[in-house]
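Working notes, beginning with the structure itself.
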Amino acid sequence: MIAETVCSVAAVAGLGIAAVTAYRKRFLAAARIAAYALVPLGLVMTGVVEWAADTAFSPTAWAGFAVLGGAWALFATTRTVERRRGGTRKERRAAARSTQAEAVAPAASAPSLGQASRPASRPAAAPRATGGADDFSDIEAILKKHGI
């Protein structure tokens, strides 16, 4: 009985605030405040508040909420494990069969990653047989280029 009275008073107060807001020419905000103010009144009229008050003091209802929470936790856990593993057992077996079938291509005339798929590369330069003096000439050219 007290909950219904409190909700009704809150609704009336909210509608009063909405009226003051509308008087200040803020009609969109006033409509939003009125919508929020009518929610508790609607809950009282539908009987949700009475049901919630009866449920709050019922040990059976709390046990039911605990069972629902446990069911939700099991569902969430199994979904998480299933996502980490990559699906159900049947899906994993089907995926393994399809990858084994695709791995070997007996009718292929050329390898799938042959020369045609790669860009042409430059031929490797022949190693110089003159020794260490020629190796430093490249470094000297780079240093001269930068003015060092």
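Structure notes:
- The stretch 1-101: trypsin sites (Lys or Arg not before Pro) in DSSP loop, at most 15 other beta carbons within 10 Å: ARG24, LYS25, ARG26
- Qualifying chymotrypsin sites (Phe, Trp or Tyr not before Pro) in the stretch 12-83, DSSP loop, other Cβ atoms within 10 Å at most 12: PHE57
- With a simple spin-label model that places each label point 7 Å from the Cα along the Cα-to-Cβ direction, the separation between ALA22 and THR5 comes to 2.8 nm.
- Stretch gain in nm, segment PHE57-LEU15, where the contour uses 0.36 nm per residue and the Cα spacing is subtracted: 12.0 nm
- In order along the stretch 46-62, the phi-based Karplus estimate (6.51 cos²θ - 1.76 cosθ + 1.60, θ = phi - 60°) of 3J(HN,Hα) comes to 7, x, 5, 5, 5, 4, 5, 5, 5, 6, 5, 10, 10, x, 5, 5, 5 Hz; Gly and Pro are listed as x.
Readers should treat all values here as calculations from the given coordinates under stated rules, not as data from a laboratory. Only a predicted model underlies this, so the values are computations on that prediction, with no experimental measurement involved. Virtual Cβ from ideal backbone geometry, glycine too; neighbours counted across all protein chains shown.
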